[in-house]
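Since the structure comes first, as structure tokens, the remarks are kept for the end.
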Amino acid sequence: SGLRLTPRAETFVLGYAYPGNIRQLESFVEQMAVFADDAGHIDTDALPEDLLQQTLPSVTRNDSAGLVETAGSIADSERRMIESTLLRSVNIGEAARVLGIGRTTLWRKMREYDLHFNPNGRNR
């Protein structure tokens, strides 16, 4: 029914040092999906060390129970990343460059997440 993160994998994802590029976020998620078990669960124990090295130092392997839906978490992360970039950008072109996507893609994502650009810094 889809991929799920264990709580420790969610902590890992939230601690991942994203460079601010949506393409890198998508690539990172695709890399993690490769290591899902047969039930679609992603846990840090299955991830290679080189991927684990890309997180913030506070993330460690530990035992936890339960799972978290990834689709909502990824969409929420993407929305927050776009919103934050829009707040710091002087125009849509600059925001798209910072995010590593085209302006058309940014406009589409803004419609999808009901985000608006306001050059006075009051975006929502």
Identify the single condition in (1) of a type in the set (S, T, Y); (2) at pLDDT 85 or above; (3) surrounded by 14 or more Cβ atoms within 10 Å (Cβ to Cβ) that T104 does not satisfy, given that it satisfies every other one.
(3)
Do we find a residue being at pLDDT below 65 and either assigned to a helix (DSSP H, G or I) or surrounded by 11 or more Cβ atoms within 10 Å (Cβ to Cβ) (or both) anywhere in region 33-55?
yes
Scan region 1-32 residue by residue and report those that are over 25 Å from R108 (Cα atoms), at pLDDT below 75, under 15 Å from the mean Cα position of the chain (by Cα) and not in a helix (DSSP H, G or I).
Y16, A17
What is the one condition in (1) in contact with a Lys or Arg (Cβ under 8 Å, 6 or more places away or on another chain); (2) modelled with pLDDT under 85 that A96 does not satisfy?
(2)
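The values are calculated or read from the model by the stated rules, or taken from the named source; none is laboratory data. Owing to the predicted nature of the structure, the values given are computational and were not obtained by experimental measurement. Please note: Cβ atoms are built from the backbone with ideal geometry, for glycine as well, and neighbour counts cover all protein chains shown.
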